[in-house]
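Quick note: the coordinates plus some simple rules give every number you see, no bench work behind them. Everything quoted here is computed from the prediction, not taken from an experiment. Ideal geometry is used to build each Cβ from the backbone, glycine not excepted, and the neighbour counts take in all protein chains shown.
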Amino acid sequence: MSDFLLILVSTLDSTIRVSTPLILCAMAGLFSERSGIVDIGLEGKMLAGAFAAAAVAAVTGSAWLGLLAALAISVSMALLHGFACITHRGNQVVSGLAINILASGLTVTLGIAWFHQGGQTPLLSGDARFLAIDLPGALALADVPVIGTIYSGLISGHNALVYLAFVTVPVTWWIVYQTRFGLRLRAVGENPQAVDTAGISVFWLRYRAVICAGLLCGIAGAYLSTAQNASFIKEMSAGKGYIALAALIFGKWRPKTALLACLLFGFLEALTVRLEGVALPLIGEVPPQFMQALPYILTVILLAGFIGKAVAPKAVGVPYVKER
Amino acid sequence: MSNKTLPAWIDIGVIPLINVCLAFIVSGFVILLIGENPIEAVQYIITGAFGYGEGVGYTLYYTTNFIFTGLAVSVAFHAGLFNIGGEGQAYIGGLGVGLMCMSLDSFMPWWALLPFAIAAGAAFGAAWAFIPAYLQAYRGSHIVITTIMFNFIASALMVYLLVNILIEPGNMAPQTRSIVESATLPSMQELFAALGMDIENSPLNISLFLALACCVLVWLLMWHTRLGYAIRMIGFNENAAVYSGINTKRVIVITMCISGGMSAMVGINEVMGAQERVLLDFVAGAGFTGIAVSLMGRNHPVGIVIASLLFGALYQGGAELSFEISTITRDLVVVIQGLVILFCGALSLMLKPTIEKLFVKLMSSNKPKENANV
């Protein structure tokens, strides 16, 4: 029994670690898409953020300065997205794709030119990384059965950005559902004309939404390169931005359900590692590729309307033209 | 502020050209940023792509892929559909080509096998595009999201098949056995040798002619058939298409299947031509480059051929560039590709108001002079 608990706790523990960037990116996408701006550029902003964080942390030796750099780069990419799709009414999908491709090329090009390590940044250690934090009493409680194992093995011992990610969910919920800005944000994603008629600037609202998205993607990027790993590695975002987008849709554009979707997809990934080479009763060995594809398959099934219905914000993807 | 103030040649000629130039100027700044000389880099790219026989061969070999994927994206674009799934459709299409080739290669020569391989590849690619298309047309899910998901599913599926099922016994690398020599497409070198001419060896094969034929076919389809008219009408105004009696759902599905089938022709070039087997990730981003190509070529076959040639040259020249300047790798070409998508796609409307104003000013300052002459 205690063996089972240990395995469960360690699987859930890695679920939390894997889910963190998904949660941050899904909340980023939520801000953007709820305001009516499609954001497939989550991946690119996260990747660029990861590079900026690792590069600055490597040079300055401070993880926090790295985080700042990640925020700055990610927000400027978000502003580029806004400039193209809000100001110039360009195609939002095309713009997001451009950001993803640009980030994928630029990070490696600059990385090779600056650090000469084949696109990697130097290994970080000490203060240049976000290290695990032991919550108060974790060591003392570690020997207490069940509760102690869960507290010290699962809840304690993560880095600051993990806790930050879990805090962003209620904060996002509060902003989107409990503040005036949130009400307007949701309104502008459903019916921008009405918001405009009320004398509120659609452009400025949407710009603020993409800036929020940029900030959260920047944190996700810093997490990848300075917390979860100890350097930037070429293409290290590895489709996580797209999985987060899938989780956002799977969670029907709502913070709580999107969080659950992120945890589900994170759990699937953690399980993939755990199940490798293990034959399950009745099914036999599950191919890891199937587990990797499962989040995407589930999202497609959801979008097809077979498990509930995912209804996107009504004005999502439509550039707003102010009537003259 | 309407389109009518600008003549067509500015709208489809000058503005895209300025946008491409902007993309290249920004790329130049990136090269400056990493401490190299952009002009020197351009020289290396041009000589690498066109300076010698083998380089030209590689350039045209990349061009072939980009023509296929560019056409695929453009066909869907005409119906207002954004097919990001070219990568996955080409991958699965290549599987179809490979399976057909491997089951028939000991029985027939390449010219007899080619129609079967094309049919199998197109069927596989179209099938991979069919599901997102069906979901878009009949279940209301968005094609962009579903095609992205299908790219990832295709990639996982192909890894599984190549690692577990299709792998050549005794081979460590996850790839299939090679296709029998007589059943692979002749390379350009062999073709020219048969005509008595000697050219340098490269992966370039006769798929290039197939690509050019596809351009003509797409042009005929889009502008000279009822189906093409229906496709363009849906892209222009879907409601109007419904009211004029077009079965839009059916046409959307057919359009996406054509698009998927067209992407799959990358499989002919790669699997039956250059690699002579199915291997991991043989598409290598051609599906995404197709989007840049289609945007830059303004969704017209002629524009697509020109844009494909440009990207083919960038890919080959970029490879050459990385030999010459050690701090630059082919990832620079990815940067350029992203900038082209940004300026020709997302920011394509940015300069229009300025140029319109400029044009109106020029016209009005010209007119009095004309009157004076009369």
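Working from Cα positions, state the angle (0 to 90°, nearest 10) between the long axis of helix B:352-373 and the longest principal axis of chain B.
That works out to roughly 50 degrees.
Ignoring the sites themselves, what is the longest stretch of chain B with no chymotrypsin sites (Phe, Trp or Tyr not before Pro) in a DSSP loop and at most 16 other beta-carbon atoms within 10 Å? Display every interim value, and only then the final one.
On the way: sites that count: B:Tyr52, B:Phe107.
Result, exposed sites excluded: B:108-374.
For the range B:263-369, compute Rg over Rh where Rg is the Cα radius of gyration and Rh is the Kirkwood radius from the inverse mean 1/r over Cα pairs.
On the way: Rg = 19.2 Å, Rh = 16.6 Å.
Result for the range B:263-369 is an Rg/Rh of 1.16.
Under a Cβ-only charge scheme (Lys and Arg +1, Asp and Glu -1), can you give me the dipole magnitude of the protein assembly as shown about the Cα centre, in debye to the nearest 20? Before the final figure, lay out the partial values.
Details: 35 positive and 35 negative charges, 635 e Å.
Charge dipole, the protein assembly as shown, about its Cα centre: 3060 debye, nearest 20.
Could you check how many percent of all C-alpha pairs in the protein assembly as shown are farther apart than 46 Å?
Working: 49830 of 243253 pairs.
When all Cα pairs of the protein assembly as shown are counted, 20 percent exceed 46 Å.
How large is the Rg to Rh ratio of the range B:189-251 when both quantities use alpha carbon positions and Rh follows Kirkwood?
Working: Rg = 19.9 Å, Rh = 14.7 Å.
Value, to two decimals: 1.36.
What FRET efficiency, computed as 1/(1 + (r/R0)^6) with R0 = 22 Å and r the Cβ-Cβ distance, is obtained for A:Val311 and A:Gln178, rounded to the nearest 0.05?
Numbers: r = 22 Å, r/R0 = 0.99.
Efficiency computed from Cβ-Cβ geometry: 0.50.
Based on the alpha carbons, how large is the Rg to Rh ratio for the range A:216-291 when Rh follows Kirkwood?
Values: Rg = 14.8 Å, Rh = 14.2 Å.
That ratio equals 1.04.
At 0.36 nm per residue, minus the direct Cα-Cα distance, what do B:Val302 and B:Ser365 gain on full extension? Give it in nm, one decimal, please. All intermediate terms of the calculation are to be shown ahead of the outcome.
Numbers: separation 63, 0.36 × 63 = 22.68 nm, distance 3.45 nm.
Full extension of this stretch gives 19.2 nm more.
Just to be sure I understand: if I project the alpha-carbon convex hull of chain B onto a plane and average over all orientations, what area do I get in nm²?
Working: hull surface 96.4 nm².
In nm², the orientation-averaged hull projection of chain B is 24.1.
Tell me, B:Met265, B:Met188 in order of fewest to most beta-carbon neighbours within 10 Å?
Least to most surrounded, the residues fall as B:Met188, B:Met265.
Largest first, please: the extent of the C-alpha atoms of chain A along each principal axis, to the nearest Å.
Principal-axis extents of chain A (Cα, largest first): 69, 49, 39 Å.
Based on the Cβ-Cβ distance of B:Leu349 and A:Val146, what FRET efficiency does E = 1/(1 + (r/R0)^6) give at R0 = 60 Å, to the nearest 0.05?
Numbers: r = 61 Å, r/R0 = 1.01.
The computed FRET efficiency comes out at 0.50.
Please give the contour-minus-distance gain from B:Val216 to B:Asp281: 0.36 nm per residue of separation, less the Cα-Cα distance, rounded to one decimal in nm.
On the way: separation 65, 0.36 × 65 = 23.40 nm, distance 2.87 nm.
Once the chain is fully extended between B:Val216 and B:Asp281, it gains 20.5 nm.
Taking the Cβ of A:Lys45 as the center, what net charge do the other residues with Cβ under 15 Å away carry, scoring Lys and Arg +1 and Asp and Glu -1? Walk me through the intermediate numbers first.
On the way: positive: A:Lys240; negative: A:Glu33, A:Asp39, A:Glu43, A:Glu235.
It works out to a net charge of -3.
B:Ala137: net charge of surrounding residues, Cβ under 13 Å, Lys/Arg +1, Asp/Glu -1, itself excluded? List each step's numbers first, then the result.
Details: positive: B:Arg139, B:Lys249, B:Arg250; negative: B:Glu238.
For residues surrounding B:Ala137, the net value is +2.
So what is the orientation-averaged projected area of the range A:50-180, using the convex hull of its C-alpha atoms, in nm²? Before the final figure, lay out the partial values.
Details: hull surface 48.1 nm².
It is 12.0 nm².
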